């Protein structure tokens, strides 16, 4: 069952839409607060975001930009804002579709189905190894299954993949990972690598993919 994050501050409308989508075999998670929604989108493995543009505390276009930059989630804009500039801007930012309110939920369902068909038709990445990356989509897979990663986790794991077989020092990671504060030090790297290991099924005592090199850093082998 595909999971949808609905970012919408109209409670009544969100409830109606959620019930309709759930009747059509989607699992819907509703967030009113755009800041909470962004945090959740970067952590939980959603398949789609439906985004209103008029939100409390943060404009929906800013939310759209953040989602496109820091997640790989497709975004459908659902908004009462009819200004063509909003529509153009949203699509330029990377939104996949723009549906002006009011609309029949059946039209939204049709657009969701069309979007998922289009995504399914896109070329799948090669899965010759256990861990593979699809850089255009900014996705990483383990045995053909997408791994849910934060931005820092994605960047570190991608860097280790690109340096596969080579020992990568903590300092090298700090210097090459844009989402890591240069002042945070090696301890932050170790914490993030620990989270990546958990998602790969690795443990420090039985590491299959990411190996610790004492006093230096890490080495990814597969």
What do you get for the angle between helix 105-121 and the principal long axis of the chain? Use alpha-carbon atoms, 0 to 90 degrees, nearest ten. 30 degrees
Using alpha carbons only, how many angstrom separate the centre of the stretch 90-120 from the centre of the stretch 150-206? 35 Å
Please sort 212-221, 42-51 by packing, taking for each peptide the average over its residues of neighbouring beta carbons within 10 angstrom, highest first. 42-51, 212-221
Express as a percent, rounded to the nearest 5, the fraction of DSSP beta bridges in the chain (both residues included) that run antiparallel. 45 percent
Classify the stretch 2-121: rounded, prolate or oblate, from the alpha-carbon gyration tensor (a ≥ b ≥ c, eigenvalue square roots; a/c under 1.5 rounded; otherwise prolate if a/b is larger than b/c)? rounded
With a point put 7 Å past each Cα toward its Cβ, work out how far residue 44 is from residue 206 in nm, to one decimal. 3.2 nm
Where a label projected 7 Å from the Cα of residue 144 along Cα→Cβ would reach, residues of the stretch 1-37 with amide N under 19 Å: 1-2
Give me 155, 22, 8 sorted ascending by neighbouring Cβ count inside 10 Å, so fewest comes first. 22, 155, 8
Contour minus Cα-Cα span, residue 80 to residue 166, at 0.36 nm per residue, comes to 25.7 nm
Using only the Cα atoms of the chain, build the gyration tensor, take square roots of its eigenvalues as a ≥ b ≥ c, and label the shape rounded, prolate or oblate: rounded if a/c is under 1.5, else prolate if a/b is larger than b/c, else oblate. prolate
With each run of n ≥ 4 DSSP H residues scored as -39500 (n - 2.57), what mean residue ellipticity at 222 nm is computed for the chain after dividing by its residue count and rounding to the nearest 500 deg cm²/dmol? -13000 deg cm²/dmol
Any chance you could run the full-extension gain for residue 159 through residue 195? It's 0.36 nm times the residue separation minus the Cα-Cα distance, nm to one decimal. 11.4 nm
Could you state the angle between the C-alpha long axis of helix 151-162 and the longest principal axis of the C-alpha atoms of the chain, as a value from 0 to 90 degrees rounded to the nearest 10? 50 degrees
Report, in degrees rounded to the nearest 10, the 0 to 90 angle that the Cα long axis of helix 84-93 makes with the longest principal axis of the chain. 20 degrees
Given points 7 Å out from each Cα along the Cα-Cβ axis, report the residue 15 to residue 216 separation in nanometres with one decimal. 6.1 nm
Provide the gained length on full extension for the span residue 130 to residue 58, in nm with one decimal, where the gain is 0.36 nm per separating residue minus the Cα-Cα distance. 22.0 nm
Tensor-based shape of the stretch 131-220 (alpha-carbon gyration tensor, a/c under 1.5 rounded, otherwise prolate or oblate): oblate
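No value in this document is a laboratory result; all are computed from the given coordinates. These figures come from a predicted structure and were not determined experimentally. Ideal geometry is used to build each Cβ from the backbone, glycine not excepted, and the neighbour counts take in all protein chains shown.
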